[in-house]
Amino acid sequence: MKELSFTDIDVIDENHAWAVARPQSDYSHPMALARWDGVSWRVQPVREWLQESHGVPVRIEAVAPDKVWVSSIGSIRQWNGTSLEAVDIPARQGESPDTINRNYWDVEAWNPDDVWVLVRQSGVGGANAFAVRHVGGGWCWTEMPGFAPNKVPTRLGVIAANEVWAVGTVYSGADGRPLEPLMAQWTGGQTWRRVQPPQLTPAAELLAVGGTPGDVWVVGAADDHPFAIRWNGVEWSVVDVPRLRGHLSAVASDGHGGVWVVGQKLPPRQFSGGTAYLLHRGKDSTAWTTVPNPAGSSNEFNDIANIPGTSDMWAVGGKLKDEYLKESGLAIRYHAPK
């Protein structure tokens with residue numbers, strides 16, 4: 001797919017997957033959706049305007065072949081088979097919709113009837129973090145106490161029906177430097193518990209969370225180097241990853257007890273571009289396997305997802321024309337190393 005870069009993916013089965021497609025370094029044009037039909041990827045035309053703005057990405061969560069949730073700045077929408085319909089999330093009790101502003105940072109589902117949306121809601125006193133759950137046909141607001149105003153997680157990981165994690169990073173408004181990692185856990189009820197990430201510097205960026213019960217992973221970057229931490233159901237620990245200049249941008253279970261991560265290796269004195277790399281760690285392994293990248297050099301992977309019922313994965317991103325421009329979308333299917 002020319003002049004597109006895939007930024008987010010969700011997979012339903014062998015024949016159905018959806019991705020978010022960004023136009024080539026042109027934020028004046030809306031984002032698009034792409035779908036896999038078992039034979040090829042194709043752009044799915046949408047009439048609705050989807051756009052990244054103020055750092056808020058477009059995220060996708062597919063719960064059925066023709067039931068797909070899409071979050072973006074200011075809106076939650078659902079694909080009904082022909083178009084994206086706006087979804088109305090009611091205001092919290094006692095609030096007036098006219099006095100608040102919302103950004104929707106992420107959407108993740110445990111199953112088609114249990115969907116979570118991560119919300120940054122601003123009004124008097126600054127912006128606060130909430131997670132809204134669509135279950136039983138209605139919406140339920142949950143609060144994230146312990147975060148000061150304007151400190152809001154940006155990624156969700158729905159691990160089980162009663163286990164959800166949220167991660168993010170506070171950045172400097174002056175120069176964009178990471179200042180503070182953010183992490184919270186929900187295990188039931190109306191409130192979340194803030195968690196202090198282990199052994200990470202204040203400059204750590206928490207970019208993604210995923211995994212399975214008793215095997216939850218958070219990846220990102222700290223001091224220009226990738227890192228990974230793991231929750232075993234009792235405590236967090238730092239897990240060694242190959243040390244190079246760059247970051248890890250996504251993590252996903254391989255469907256059989258192992259885990260994949262994707263990242264970007266950056267050239268010296270360069271903050272974008274570079275070459276994507278993939279790591280796999282088997283269920284009973286304590287070491288990472290570096291998986292060859294068939295796309296060669298000058299590319300990026302933004303997300304990775306398991307094909308349910310298999311050990312196969314889809315990794316998506318883009319071929320790079322230069323440090324900043326994307327030449328074409330990139331979607332590669334991988335098999336777990338033996």
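Rule-based calculations on the coordinates, nothing more; no lab input. Note that this is a predicted model, so its numbers are computed, not measured. Positions of Cβ are backbone-derived with ideal geometry, glycine not excepted, and every protein chain shown enters the neighbour counts.
Our coupling estimate for segment 178-187, obtained by passing each phi through the Karplus curve with A = 6.51, B = -1.76, C = 1.60 and θ = phi - 60°, is x, 10, 7, x, 10, 8, 8, 10, 10, 10 Hz, Gly and Pro reported as x.
Restricting the calculation to Cα atoms, every distinct pair contributes to the Kirkwood radius of the chain, found to be 20.2 Å. Relative contact order, whole percent, for the chain stands at 12, derived from Cα pairs under 8 Å and 6 or more residues apart.
For the chain, modelled as a GNM with alpha-carbon contacts under 10 angstrom, which of Gly258, Gly317, Gly123 fluctuates the most? Between Gly258, Gly317, Gly123, it is Gly123 that shows the largest mean-square fluctuation. Between Arg243 and Asn150, the distance separating the two model label sites (each 7 Å from Cα on the Cα→Cβ line) works out to 3.5 nm. Local charge for Pro112 was computed over the other residues whose Cβ lies under 12 Å away, with Lys and Arg +1 and Asp and Glu -1, and equals -3.
With contacts taken as Cα pairs under 8 Å at a separation of at least 6 residues, segment 197-338 carries a relative contact order of 15 percent. Peptide packing: for 228-236, 69-77, the average count of neighbouring Cβ atoms within 10 Å per residue gives the ranking 69-77, 228-236, highest mean first. Here each label is just a point 7 Å from Cα along the line to Cβ, and for Ser172 and Asp223 those points are 1.7 nm apart. Quick check: from the Cα gyration tensor, does segment 197-338 come out rounded (a/c under 1.5), prolate or oblate? Here segment 197-338 falls in the oblate category. Shape of segment 149-270 from the C-alpha gyration tensor: oblate (a/c of 1.5 or more and a/b not above b/c, with a ≥ b ≥ c the square roots of its eigenvalues).
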